[in-house]
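S.K.: There's a structure below that I have some questions on.
The values are calculated or read from the model by the stated rules, or taken from the named source; none is laboratory data. All values reported here derive from a predicted model rather than from experimental measurement. A quick note on method: Cβ atoms are made from the backbone with ideal geometry, for glycine too, and the neighbour counts reach across all protein chains shown. Please note that ligands, DNA and RNA were not included when accessible areas were found on the heavy atoms of the full protein model with its side chains. Shrake-Rupley method; radii C 1.70, N 1.55, O 1.52, S 1.80 Å.
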Amino acid sequence: MSIKNSDQLFQLIKSLSKGEKRHFKLFATRHKGGENAKFLKLFDAIDALADYNEDKILKKVKSIDPAQLPNIKQHLYKQIMQGLRMLHTANDIDLKIREQIDYAVILYNKCLYQQSAKVLDKAKEMSKKFGKTVFLLDIHEMEKRQVIKFVRRNIQGKVEQLIPEGEIVQKQLNNINTFSNLSLKLYAFYLKIGFIRNSTDFELANSFLYSTLPVFQEESLSAEERIHLYDSLVGYYFFTQDYARGYDYAKKWVALFDKNPSLIASKTELYVKGVNNFLKAQSKLSLYDDFLKTTEKFEELKHIPDVYLPENIGIQIFRYSSKHKIERYFMLGEFDKGSKEVDKITKELKHYKDKLNQYDLLLFHYKFACMYFGNAQYKETILWLNEIINTKDVDLRADILSFARILNLISHYELNHTDLVDYYIKSTYRFLSKKEDLHLFQTKIIKFLKKLNMVRTDKELRFAFKDLRDQLVPLANNPYEKRAFMYFDILSWLESKIFGKPVQEIIQSKVLKKVVNENVQNY
């Protein structure tokens with residue numbers, strides 16, 4: 001009767017930290033009794049298991065009858081959740097506000113209307129301070145009930161205050177919902193195809209934006225409304241590869257939190273996301289000095305006073321910070337150092353692997369592969385690319401699945417795997433055709449690799465590389481082809497072949513020229 005680790009109680013117990021387990025034991029032993037003893041024994045038995053197995057549990061806890069087990073499991077689950085709620089209410093803003101609203105309801109039901117109103121005022125003040133508009137709607141409904149029960153001399157004035165307040169809250173919530181829905185639509189579309197591939201994708205993204213956004217004046221929006229607006233606009237501009245506009249809104253996003261520090265504690269997840277997007281825009285625009293400054297801000301997240309970082313945000317910070325560490329080496333062309341960093345991140349990744357989704361793993365694997373490729377470690381490149389190519393979820397980031405195959409082709413070419421190159425050319429062509437992702441960029445590379453077998457001399461080979469580079473350069477400014485150059489710096493690879501230099505050296509010389517030009521302009 002072995003059951004997989006999908007058992008919810010098993011998963012919950014295994015997710016608890018040592019401190020949470022200790023608190024639960026104290027919480028659970030507040031009452032003594034037979035049933036209490038049974039579910040505590042069940043807790044210890046499950047906690048000791050590596051895999052969930054009810055036969056082992058029943059052998060270990062003989063006081064539990066098999067017929068009782070489902071009910072005791074349900075009771076234990078409920079007790080753990082109550083204990084966790086009590087433990088984390090002190091740190092979590094949402095739980096704090098909900099607690100005050102719950103107290104107000106209890107006092108209201110006991111006809112203690114003045115006390116209820118006082119507690120509700122506290123909840124209202126906290127909701128406004130920390131930008132929790134969604135709670136204001138519940139508070140507003142509760143206030144209307146209190147007005148009816150708690151008759152005052154100035155009841156007319158209270159009514160005239162409440163009605164417009166409710167209308168403002170409702171409008172704010174409508175805007176927040178609209179902005180967040182847009183962000184969600186764009187994310188789902190991006191998760192499937194990656195960046196826009198053609199005019200059809202662009203028109204669809206445009207329709208998401210312009211058919212969704214309400215008429216608004218940005219300066220009149222609340223801080224919470226603006227955060228969700230910037231989130232949706234950054235998502236749109238990144239998706240359409242307009243990183244300059246995306247940078248502008250990501251900058252506003254982070255600046256808004258900097259001006260309202262209390263929002264960092266209540267909307268930490270959105271703050272982390274905003275700083276991450278700011279870093280992403282800076283890296284795409286090659287703003288290296290700014291990127292370093294924002295990286296420092298990102299690292300400071302773990303040390304901001306009164307900011308609670310639950311496990312899910314801790315994982316989010318790990319994901320983003322790890323990717324930006326890699327991105328820094330890409331920007332500088334330091335693939336040798338970056339490869340060592342990848343080795344470190346790979347070890348850390350094992351700790352989080354079960355808590356990361358397929359999309360996150362896909363991105364990590366592709367970045368690892370690109371880093372090893374830049375360092376001429378082609379076997380390691382192919383190992384990570386195979387993790388992507390062999391993925392079962394073929395509807396996830398079709399663009400990465402496509403470019404992984406292109407990079408795989410080139411890696412096999414570098415290793416002189418002539419027979420494999422011929423095989424992968426055919427399979428890659430079939431895959432790209434099936435995914436409707438066979439654009440000029442991919443077509444030119446496949447044709448180029450097909451012709452390489454006919455090249456006889458080094459001079460002809462250099463000419464072939466130069467010819468391909470000359471064909472690809474104009475595509476870098478094509479709105480539907482330029483996405484290819486973000487996945488893999490093929491121009492630098494081609495130049496390394498033309499001039500007989502390592503890719504790393506080519507990219508580093510470009511970075512140096514860019515830094516010199518920027519210094520001259522600034523001077």
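S.K.: For F373, are the conditions met, namely being assigned to a helix (DSSP H, G or I), of a type in the set (F, W, Y) and open to solvent by less than 30 Å² (accessible area, probe 1.4 Å)?
M.R.: Numbers: assigned to a helix (DSSP H, G or I): yes; of a type in the set (F, W, Y): yes; open to solvent by less than 30 Å² (accessible area, probe 1.4 Å): yes.
For F373, the condition - assigned to a helix (DSSP H, G or I), of a type in the set (F, W, Y) and open to solvent by less than 30 Å² (accessible area, probe 1.4 Å) - is met.
S.K.: Of everything in region 256-272, what is part of a helix (DSSP H, G or I), out of contact with any Asp or Glu (no Cβ under 6 Å at 6 or more places or on another chain) and either small (G, A, S) or open to solvent by 60 Å² or more (accessible area, probe 1.4 Å) (or both)? Give them in sequence order.
M.R.: Taking region 256-272 as the starting set, the residues that turn out to be part of a helix (DSSP H, G or I) are 256-259, 262-266, 268-272.
Add one more test, that the residue is out of contact with any Asp or Glu (no Cβ under 6 Å at 6 or more places or on another chain), and what stays is 256-259, 262-264, 266, 268-272.
Those that are part of a helix (DSSP H, G or I), out of contact with any Asp or Glu (no Cβ under 6 Å at 6 or more places or on another chain) and either small (G, A, S) or open to solvent by 60 Å² or more (accessible area, probe 1.4 Å) (or both): D258, K259, S262, S266, E269.
S.K.: Report yes if some residue within region 469-477 is without any contact (Cβ under 8 Å) to a residue 12 or more places away in the chain, under 28 Å from K337 (Cβ atoms) and in a helix (DSSP H, G or I); otherwise report no. It would help to see each step written out before you state the result.
M.R.: Initially, region 469-477 is screened for residues without any contact (Cβ under 8 Å) to a residue 12 or more places away in the chain, giving 470, 474, 477.
Still in the running and under 28 Å from K337 (Cβ atoms): none.
Checked region 469-477: no residue is without any contact (Cβ under 8 Å) to a residue 12 or more places away in the chain, under 28 Å from K337 (Cβ atoms) and in a helix (DSSP H, G or I).
S.K.: Filter region 320-347 down to the residues that are surrounded by fewer than 18 Cβ atoms within 10 Å (Cβ to Cβ), within 21 Å of M486 (Cβ to Cβ) and of a type in the set (K, R) and list them by number.
M.R.: Hit for region 320-347 is K325, nothing else.
S.K.: In region 16-42, which residue that is open to solvent by 50 Å² or more (accessible area, probe 1.4 Å) and more than 17 Å from I72 (Cβ to Cβ) is modelled with the lowest pLDDT?
M.R.: By that ranking, first place goes to R30.
S.K.: Further, regarding this structure: Identify, please: which residue in region 86-144 is among the polar types (S, T, N, Q) and open to solvent by less than 70 Å² (accessible area, probe 1.4 Å) and is, among those, farthest from the chain's Cα centre (by Cα)?
M.R.: In the first step, residues of region 86-144 are kept if they are among the polar types (S, T, N, Q); the result is 89, 91, 100, 109, 114-116, 127, 133.
Narrowing the set further to residues that are open to solvent by less than 70 Å² (accessible area, probe 1.4 Å) leaves 89, 100, 116, 127, 133.
Details: T89: 25, Q100: 31, S116: 40, S127: 26, T133: 23 Å.
Restricting to residues being among the polar types (S, T, N, Q) and open to solvent by less than 70 Å² (accessible area, probe 1.4 Å), the top hit is S116.
S.K.: Is it the case, given these coordinates, that Y237 is touching a Gly at 6+ places or on another chain (Cβ under 6 Å), among the hydroxyl-bearing types (S, T, Y) and either assigned to a helix (DSSP H, G or I) or without any contact (Cβ under 8 Å) to a residue 40 or more places away in the chain (or both)?
M.R.: Values: touching a Gly at 6+ places or on another chain (Cβ under 6 Å): yes; among the hydroxyl-bearing types (S, T, Y): yes; either assigned to a helix (DSSP H, G or I) or without any contact (Cβ under 8 Å) to a residue 40 or more places away in the chain (or both): yes.
So Y237 passes the test.
S.K.: Yes or no: region 381-391 includes at least one residue that is part of a loop (DSSP other than H, G, I, E, B), out of contact with any Phe, Trp or Tyr (no Cβ under 7 Å at 6 or more places or on another chain) and either modelled with pLDDT of 90 or more or not acidic (D, E) (or both).
M.R.: Of the residues in region 381-391, the ones part of a loop (DSSP other than H, G, I, E, B) are 390-391.
Of the ones still in play, those that are also out of contact with any Phe, Trp or Tyr (no Cβ under 7 Å at 6 or more places or on another chain) are 390-391.
Those still in the list that are either modelled with pLDDT of 90 or more or not acidic (D, E) (or both) too: 390-391.
Yes: one or more hits.
S.K.: Do the conditions hold for R197, that is, is it out of contact with any helix residue (DSSP H, G or I) (no Cβ under 7 Å at 6 or more places or on another chain) and crowded, with 16+ Cβ neighbours inside 10 Å? Working first, answer last.
M.R.: Numbers: out of contact with any helix residue (DSSP H, G or I) (no Cβ under 7 Å at 6 or more places or on another chain): yes; crowded, with 16+ Cβ neighbours inside 10 Å: yes.
Taking the combined requirement at face value, the residue satisfies it.
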